[in-house]
Amino acid sequence: MCKVSDCFRITFILVFYVFLFLNTAQALSIHSKKTSEASRFLKPLSPEEANAQIVLLRSQQQIESCKILFDFVHRTEGNVQATKTQGVLLIDSKDQQILKRLFLIDEQGEVLIDYIFHEGNASQVWKRVGSHGTFSELENEELFLPLFEGILFRPVDVLMPYIHWGKYTYEGLKAYGINSVVHDYLFSAENKPSFLSQGILSVRLSIDSKYNSVRKIEYLNETEVLNQLQISGVKKFESLWIISRLVFKEKNNKTIFRVSEAAIFKTDNQSLFFNPSHKENISKDLFF
């Protein structure tokens, strides 16, 4: 059986934290999903315990190399017909940095949009349209634009920089669903101009009390929830436990990240796939 610390290596990546949520999936695979009734009477954490939980969460962001085939399913209230866009997410880590590549595909198998993410102390995101041409680095305000038209997920949801923000408040614990308890933390966007320009004053993270993993993220303007990202499914693919379903909600719309296949990602010159200067064209057939 895997150690609990190993279980947090596989994340969400979507995007993105489809992308970091893979850590949650592996944790959930090791333990029973049932939480005892006693857990509902847990005491709130002390300031020292709350800080220790965030330190542990930050340390668990290293992830195992993997490749994921997924769909973005977008639903709008009042519209019976949902739209579906297929994509591939590649994840690797190198020198304490998490590397991700996400590209979306049309019905003919052609690449619609191509992203490269470098996550770390100085995160960077590059984007190009199609499978040809040159990548351009995104500006801060572009991180809040949809990954593609008709999809709510954005580059910032893949990067999740707020996990590393220094100013946060422990709000306490609450029941989550039927069998879980989460601890809520409010991360302040003070001195984060890119978030403030979007009307986001803070970000709430709900962290599972048993697995120390993120279960829900809420972007807030004061007390109003602007949008939220929630884990709603876990599944095993070969030796990998993957967050198989993420739901992004915004007002009357939602986009579902739904995994169909996943496997260990190992190939020659693997790091080249995360280099925006590398000129090789990319397609789904290289990986699935």
Those strands (runs of 3 or more DSSP E) lying entirely in segment 170-288 with at least 2 residues in contact with a Pro (Cβ under 6 Å, 6 or more places away or on another chain): none
Residue pairs meeting the criteria (Cβ under 8 Å; at least 6 apart or on separate chains; first more than 25 Å from TYR162 (Cβ to Cβ), in segment 111-133; second hydrophobic (A, V, I, L, M, F, W, C) and part of a loop (DSSP other than H, G, I, E, B)): VAL111/ILE282; LEU112/PHE148; ASP114/PHE135; ASP114/ILE282; ARG128/PHE135; SER131/ILE282
Wholly within segment 85-142, strands (runs of 3 or more DSSP E) carrying at least 3 residues that are under 16 Å from SER271 (Cβ atoms) and not small (Gly, Ala, Ser): 97-105, 111-119
Test result for ILE282, closer than 22 Å to TRP126 by Cα and in contact with a helix residue (DSSP H, G or I) (Cβ under 9 Å, 6 or more places away or on another chain): yes
Which listed residue, of ILE116, ILE105, is over 13 Å from LYS284 (Cβ atoms) and aliphatic (A, V, I, L, M): ILE116
Residue in segment 231-259 that is nearest to ILE178 (Cα to Cα), counting only those that are of a type in the set (S, T, N, Q) and crowded, with 18+ Cβ neighbours inside 10 Å: SER244
Criterion violated by ASP157 - all others in (1) acidic (Asp, Glu); (2) part of a strand (DSSP E or B); (3) within 20 Å of the chain's Cα centre (by Cα) satisfied: (2)
Close pairs (9 angstrom Cβ cut-off, 6 or more residues apart or separate chains): at positive phi and at pLDDT below 90 in segment 163-192, crowded, with 16+ Cβ neighbours inside 10 Å and of a type outside the set (Val, Ile, Thr) anywhere: GLY177/ARG215
Sole residue being under 24 Å from ARG245 (Cβ atoms), surrounded by fewer than 11 Cβ atoms within 10 Å (Cβ to Cβ), among the acidic types (Asp, Glu) and modelled with pLDDT under 85, chosen from GLU107, GLU77, GLU64: GLU77
Tally of residues being buried (at least 19 other Cβ atoms within 10 Å of the Cβ) and either touching a Phe, Trp or Tyr at 6+ places or on another chain (Cβ under 8 Å) or closer than 13 Å to ILE54 by Cα (or both) across segment 171-194: 6
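Specify which of the listed residues (LEU152, LEU145) is touching a strand residue (DSSP E or B) at 6+ places or on another chain (Cβ under 9 Å) and not acidic (Asp, Glu).
After ruling out the rest, the residue left standing is LEU152.
The values are calculated or read from the model by the stated rules, or taken from the named source; none is laboratory data. The structure displayed is predicted, hence computed values, not measured ones. All Cβ positions, glycine included, derive from the backbone under ideal geometry; neighbour counts span all protein chains shown.
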